[in-house]
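The values are calculated or read from the model by the stated rules, or taken from the named source; none is laboratory data. Note that this is a predicted model, so its numbers are computed, not measured. Because the Cβ atoms are built from the backbone with ideal geometry, glycine has one as well, and the counts that use them run over all protein chains shown. Heavy atoms of the whole protein, side chains included, go into the accessibility calculation; ligands, DNA and RNA do not. Shrake-Rupley method; radii C 1.70, N 1.55, O 1.52, S 1.80 Å.
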Amino acid sequence: MPRELKPEDLSNIILVSNPAVFKDKSKALFTVTRLSIERDRYESSIWLLDLAKNEYTALESGIHDRCPLPAPDNRHYAFLSRRTLKEESRGSEIWVSRVDGDPRVVTIFDLGVNSISWSPDSRYLAVVATEGKVEEDVKVIDRIDIWFNAEGYTYSLEKSLYVVDIESGTRVRISREGLRINSALWSPDGRYIAYTSSPDISAPYLHQLFIYDVERDEHVKIVDGIIINAIAWAPSSKMIAIIGHKRERGFATHNRIMIYSLSGEEIIDTRGRIDRNFLNTINTDIRGPSCSPNIVWGDDNKIYFMVSDAGEVYVESYDPVKGIFETTFRIPQAVIDEFSLVDGDIIVATVMSPVEPKELYVSRRGSISKITSFNSFFTRLYRLSVPQHIRIRASDGANIDCWVMMPGDAGKDKIPGILYIHGGPKTMYGWSFIYEFQYLVSRGFALIYSNPRGSDGYSEEFADIRGHYGERDYRDLMEVVDDVLRIYRNIDGERLGVTGGSYGGFMTNWIVTQNDRFKAAVTQRSISDWISMYGTTDIGHYFVPDQIGCIPWENPETCLDKSPIRYANRVKTPTLIIHSLEDYRCWVDQAIAFFRSLKINGVKTRLVLFPKENHELSRSGKPRHRVENMRHISSWFEEHLVPKG
């Protein structure tokens, strides 16, 4: 008999991540992570897949090993770890090992490593690392970038580019001071290192692309003032492909492929060719550590990348010579979450579905096979709900994708339902595994989730709700609930709850200020006041003007009109407010202000604050905190939606 899930059963899921194929295509590395509730930590190790035999085995036993990167010589690999560092330290070690063993630490960066890239001769690593002085006591701040989510205080830190000799561990800084490097990639011919930077700390989303000539010790800027999410060298080392955009629709703009010559000439811009985002934006809470690339320019001269499309994520290729797009690796009603390849012959990827956490899959010239079965025992042991997909027609004629998960023992009796709203807003729900969803369904709730206007996975126009938060997106969600109740007659419309995080938390706050149809709400890492969001958060000073269209001292009424706190006196719904004390994406003042406003207005409300957690609490927070977070959510809904006795 399959068991019902408990919050602590999260520790029985194995997180498979970060596939990395060797140049000779004979083998691949990947990362396996276990959640230890007893030790309250994630324990990750590196594994090796033999692609000829489809056999895999553990290589490294360190508890914090991650980001394996095969060397071009096919005999070595590098990885990041924290084997010799204290639990609370910020540093990262760079290790190098032969495939047959004997790992050794090459160097340690005290404040962490962001990325590594091999030189083609396998002698050096290009390393982007954080450096600076951390002020542990009094903070003396002159820069606007006070803090950043999951990184802490950043006002005194820089990110620099180094070249590290793997034999001696000697490292040389090659970027100038104050440039703030984001990523770096060695060219296939070994002559250049391409790197991206954010020169303007008041607008860190605007990037530059530089080429560093290793032989001449020269830096040449070839692109400026665009958003760059990932880069890839052409096999010829004469061009660079970018996944990014030029903000034609602000942050609602889809990422696409742009190709530049080394002189900075834009050769190709694929904008408008496929009206979908060339980036994986699916929501899930079972990702392990990963440094997998978002774009690869294969040896077959095709560019490979991921596409988010109506709840699915798949690998697409683009031939820059023929100008042809082709779907390369796609599984219906599933998500390709990461991938690695040398060319299109063999693609190693992590794949998940709503009833199967991520596993390793291999595509050989289009023939797809599942390789690992780390989570097969989990899927057999527990009762998991298969979501039912429906597509509703909104009142303005647009199609809205929606999924409904029902308890396994749901009969004709009326059951309570929960509307769950994703963050972003430019992310999406779909065919991914979300443990929290499965847990809530196991507690007897029907779960409703959808992609309203503002979501990713559709056209740019669909995603663009700038200046219109709480309007068409709100109506879409209410119409989703109306249609679901019409189709699923055993979901009790008088016992509905609503929850969501980040933008989903904003929308939860907005909903309870606009209507009383929900009998309970749980708002997580939310936004209640756009004026304080502008001034206190890591991205607020540029996100709020772009998305809401307001600057506090120029048009404060616009900020207030879109702020749920302005309408707090309308709220009647019992509301649980959950927030992390180190959430710098949506700072804790959002939660405290909304909590006090509801208290003053006589609303039943509770505030739950998690110390030493950030915006990612429900996805990568400490295991014990994740368990407690789920308990608070389910308990609140059970108290208000489930009849006593």
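Applied to the stretch 76-89, the Karplus parametrisation 6.51 cos²θ - 1.76 cosθ + 1.60 on θ = phi - 60° returns per-residue 3J(HN,Hα) values of 10, 8, 10, 7, 9, 7, 9, 4, 9, 9, 5, 4, 8, 6 Hz, with x for Gly and Pro. Normalised by the number of residues in the stretch 41-102, the mean separation of alpha-carbon contacts (under 8 Å, six or more apart) gives a relative contact order of 25 percent.
Other residues with beta-carbon under 13 Å from the beta-carbon of GLU218 carry, at +1 per Lys or Arg and -1 per Asp or Glu, a net charge of +1. By how many degrees, between 0 and 90 and to the nearest 10, does the Cα long axis of helix 472-487 differ from the longest principal axis of the chain? It works out to around 60 degrees.
Gain on full extension, evaluated as 0.36 nm per residue between SER395 and SER373 minus their Cα-Cα distance, stands at 3.5 nm. With a simple spin-label model that places each label point 7 Å from the Cα along the Cα-to-Cβ direction, the separation between ASP561 and GLU265 comes to 4.8 nm. Of all lysines in the structure, those lying under 16 Å Cα to Cα from LYS599, and not within fewer than 8 positions of it along the same chain, are LYS572. The calculated P(r) of the stretch 409-483, using every Cα pair and 5 Å bins from 0, goes 3, 14, 23, 21, 16, 11, 7, 3, 1 in percent. Step through the table entries LYS426/LYS622; LYS519/LYS644; LYS23/LYS302, compare each Cα-Cα distance with 19 Å, and write down the pairs that go over it. LYS426/LYS622, as the Cα separations exceed 19 Å there. The charge dipole of the stretch 34-170, taken about the Cα centre with unit charges on the Cβ atoms of Lys, Arg (+1) and Asp, Glu (-1), comes to about 200 debye, rounded to the nearest 20. Shape of the stretch 331-469 from the C-alpha gyration tensor: oblate (a/c of 1.5 or more and a/b not above b/c, with a ≥ b ≥ c the square roots of its eigenvalues).
For the stretch 130-140, 3J(HN,Hα) computed residue by residue from phi via the Karplus equation (6.51, -1.76, 1.60; θ = phi - 60°) reads 8, 8, x, 10, 8, 8, 6, 10, 5, 9, 10 Hz, glycine and proline entered as x. Sorting ARG3, ARG364 on solvent-accessible area from highest to lowest, probe radius 1.4 Å, gives ARG3, ARG364. Maximal additional length on extending the LEU609-ASP137 stretch stands at 167.6 nm, based on 0.36 nm per residue less the C-alpha distance. For the chain, the relative contact order is 10 percent, taking Cα pairs closer than 8 Å that sit 6 or more residues apart in sequence and dividing their mean separation by the residue count. Of the residues SER11, PRO425, ILE527, the one whose Cα sits farthest towards the positive end of the charge dipole of the chain is SER11 (charges of +1 on Lys and Arg Cβ, -1 on Asp and Glu Cβ, taken about the Cα centre). Full extension of the chain between ARG3 and ILE487 yields a length gain of 171.4 nm, computed as 0.36 nm times the residue separation minus the alpha carbon distance. With each label modelled as a point 7 angstrom along the Cα→C-beta vector, the SER236-ALA150 pair spans 3.7 nm. Under 1.5 on a/c is rounded, so check that first for the stretch 44-178, then, if it is not, pick prolate when a/b is larger than b/c and oblate when it is not; a ≥ b ≥ c are the square roots of the alpha carbon gyration tensor eigenvalues. Taking the square roots of the gyration eigenvalues as a ≥ b ≥ c, the stretch 44-178 is prolate.
Taking Lys and Arg as +1 and Asp and Glu as -1, the other residues whose beta-carbon sits under 10 Å from that of SER620 total +1. To the nearest ten degrees, helix 503-514 and the longest principal axis of the Cα atoms of the chain are 20 degrees apart. Could you compute the longest span of the chain free of GluC sites (Glu not before Pro) located in DSSP loops and having at most 11 other Cβ atoms within 10 Å, not counting the site residues? Within the chain, the longest run free of exposed GluC sites (Glu not before Pro) spans 266-553.
In the chain, a dipole from Cβ-located charges (positive for Lys and Arg, negative for Asp and Glu) runs towards its positive end, and of ASN74, PRO545, VAL481 it is VAL481 whose Cα lies farthest in that direction. Using a probe radius of 1.4 angstrom, the carbon and sulfur fraction of the accessible surface of the chain is 48%. The dipole here belongs to the stretch 191-268: it is taken about the Cα centre, uses +1 on the Cβ of Lys and Arg and -1 on the Cβ of Asp and Glu, and is about 320 debye. Modelled label positions at ALA58 and GLU638, each set 7 Å beyond Cα in the direction of Cβ, lie 3.4 nm from each other. THR284 sits among other residues whose Cβ lies under 9 Å from its own Cβ, and their net charge, with Lys and Arg +1 and Asp and Glu -1, is +1. Under the criterion of Cα pairs below 8 Å and six or more residues apart, the relative contact order for the stretch 220-302 equals 29 percent. Applying 1/(1 + (r/R0)^6) with R0 = 45 Å to the Cβ-Cβ distance of ASP299 and HIS468 gives a FRET efficiency near 0.50.
The residues of the chain have, on average, 39 Å² of accessible surface per residue, using a 1.4 Å probe with all protein chains present. Cysteine residues of the chain whose C-beta has no other cysteine C-beta under 4.7 angstrom: CYS402, CYS586.
Ordering PRO623, GLN590, CYS559 by the projection of their Cα atoms onto the charge dipole of the stretch 546-629, which places +1 on the Cβ of Lys and Arg and -1 on the Cβ of Asp and Glu, puts PRO623 at the extreme positive end. When a/c reaches 1.5 or more, the comparison of a/b and b/c decides; with that in mind, is the stretch 340-415 rounded, prolate or oblate per its Cα gyration tensor? Oblate is the answer for the stretch 340-415, as a/c is 1.5 or above yet b/c matches or exceeds a/b. Placing +1 on the Cβ of every Lys and Arg and -1 on the Cβ of every Asp and Glu, with nothing else charged, gives the chain a dipole about its Cα centre of roughly 1640 debye. Using the Stokes-Einstein relation with a Kirkwood hydrodynamic radius computed over Cα pairs, the translational diffusion coefficient of the stretch 415-546 at 4 °C and a viscosity of 1.567 mPa s comes to 84 µm²/s. For ARG570, the solvent-accessible surface computed with a 1.4 Å probe is close to 110 Å², ligands and nucleic acids excluded. At a Förster distance of 60 Å, what's the computed FRET efficiency of LYS572 paired with ASP165, Cβ-Cβ distance as r, to 0.05? So, using R0 = 60 Å, E works out to roughly 0.35. Placing R0 at 22 angstrom, the Cβ-Cβ distance between ARG383 and ILE37 gives a FRET efficiency of 0.55 after rounding to 0.05.
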